[in-house]
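Novice: Mind looking over this structure? Questions follow.
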Amino acid sequence: MTDPACIFCKILEGDIPAVKVLESPDCLAFMDIGPLAEGHVLLIPASHVETIDKMSAAGAAAMLGLLPRLVGAVQAATGCAGVNVLQNNGPAAHQEVMHVHFHIIPRNPGDAFHFNWPAGKYPNGRIEELAEAIRQELD
Ligand code: 5GP
Ligand code: ZN
């Protein structure tokens with residue numbers, strides 16, 4: 001399934017160019033055109049799905065099965081000290097291209113990419129309450 005208005009579907013269809021690093025029947029990995037660091041790669045499923053919660057388990061497994069090899073290759077090729085694997089899911093989470101993608105971002109001490117990580121604390125009982133709500137949604 002492709003969406004003719006989607007930029008990543010256009011890349012999959014060969015309608016616009018991309019610098020590819022890995023291709024399979026289920027997914028494609030290519031260089032991000034606006035890298036947060038040199039060697040920033042995107043991994044996408046070969047069929048159009050907007051967000052990860054809408055993917056089939058098989059589709060997600062096929063795509064994520066390539067992650068260890070891809071992350072290893074990015075690390076080896078760039079010599080980076082670490083990698084962030086990032087999936088922005090939904091516009092509120094900074095997803096701008098509405099075709100599921102995983103960012104593989106090389107990291108080094110003192111680099112320019114910073115997280116705001118405002119770790120909070122739960123009031124008594126809240127952590128169990130939320131876990132139970134999530135468990136119920138999983139059923
Ligand atoms: P998002 O904010 O949706 O998680 O990230 C979208 C990513 O796609 C950005 O890092 C952006 O640089 C990249 N991107 C957007 N358009 C293109 C394109 O046409 N080609 C490539 N290679 N990357 C793109
Ligand atoms: Zn698409």
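The values are calculated or read from the model by the stated rules, or taken from the named source; none is laboratory data. None of the values given here were measured: they were computed from a predicted structure. With ideal geometry, Cβ positions are generated from the backbone for all residues, glycine too; neighbour counts draw on all protein chains shown. Accessible surface is based on the protein model in full, side chains and every heavy atom, while ligands, DNA and RNA are left aside. Shrake-Rupley method; radii C 1.70, N 1.55, O 1.52, S 1.80 Å.
Novice: Charges on Cβ only, +1 for Lys and Arg, -1 for Asp and Glu, centred on the Cα centroid of the range 7-113; of Gly90, Leu12, Val71, which one is farthest towards the dipole's positive end?
Specialist: It is Val71.
Novice: Further question: For a quick check: with amide H placed at 1.01 Å from N, whose amide H comes under 5 Å from Thr2's, ignoring anything fewer than 5 positions away on the same chain?
Specialist: For Thr2, the qualifying residues are His48.
Novice: Can you list the residues, at least 5 places off or on another chain, whose amide H is less than 5 Å from the amide H of Arg107, using H built in the peptide plane?
Specialist: When sequence neighbours closer than 5 places are left aside, the close amide H contacts are Ala81, Gly82, Val83, Asn84.
Novice: Right, here's the next one. Quantify, in whole percent, the carbon and sulfur part of the accessible surface of the range 18-139 (1.4 Å probe; protein heavy atoms only).
Specialist: About 57 percent, which is the carbon plus sulfur part of the accessible surface.
Novice: When only alpha-carbon atoms count, how far does the range 9-81 stretch along each of its three principal axes, as whole angstroms with the largest first?
Specialist: 34, 27, 20
Novice: Still on this model: Taking amide H atoms as placed 1.01 Å from N in the peptide plane, list the residues 5 or more away in sequence, or in a different chain, whose amide H sits under 5 Å from that of Leu28.
Specialist: Ile44, Ala46
Novice: Moving on to the next point. Residue by residue through the range 88-104, what is 3J(HN,Hα) from phi via Karplus (6.51 cos²θ - 1.76 cosθ + 1.60, θ = phi - 60°)? Round to whole Hz and write x for glycine and proline.
Specialist: 7, 10, x, x, 5, 9, 6, 7, 9, 9, 8, 9, 3, 8, 9, 8, 10
Novice: While we're on this one: Roughly how many Å² of Ser24 are accessible to a 1.4 Å probe, to the nearest 10?
Specialist: 40 Å²
Novice: Now, a different point. Is the shape of the chain rounded, prolate or oblate, going by the alpha carbon gyration tensor and its root eigenvalues a ≥ b ≥ c, with a/c under 1.5 for rounded and a/b larger than b/c for prolate?
Specialist: Cα axes put the chain in the oblate bin.
Novice: In terms of the Cα gyration tensor, with a ≥ b ≥ c the square roots of its eigenvalues, is the range 70-124 rounded because a/c is under 1.5, prolate because a/b exceeds b/c, or oblate?
Specialist: The shape class here is oblate.
Novice: Tell me, what ³J(HN,Hα) does each residue in the range 68-79 have, in order and in whole Hz, if you take phi through Karplus 6.51 cos²θ - 1.76 cosθ + 1.60 with θ = phi - 60° and put x for Gly and Pro?
Specialist: Per residue, the Karplus-derived 3J(HN,Hα) values read x, 5, 5, 5, x, 5, 5, 4, 5, 6, 9, x Hz.
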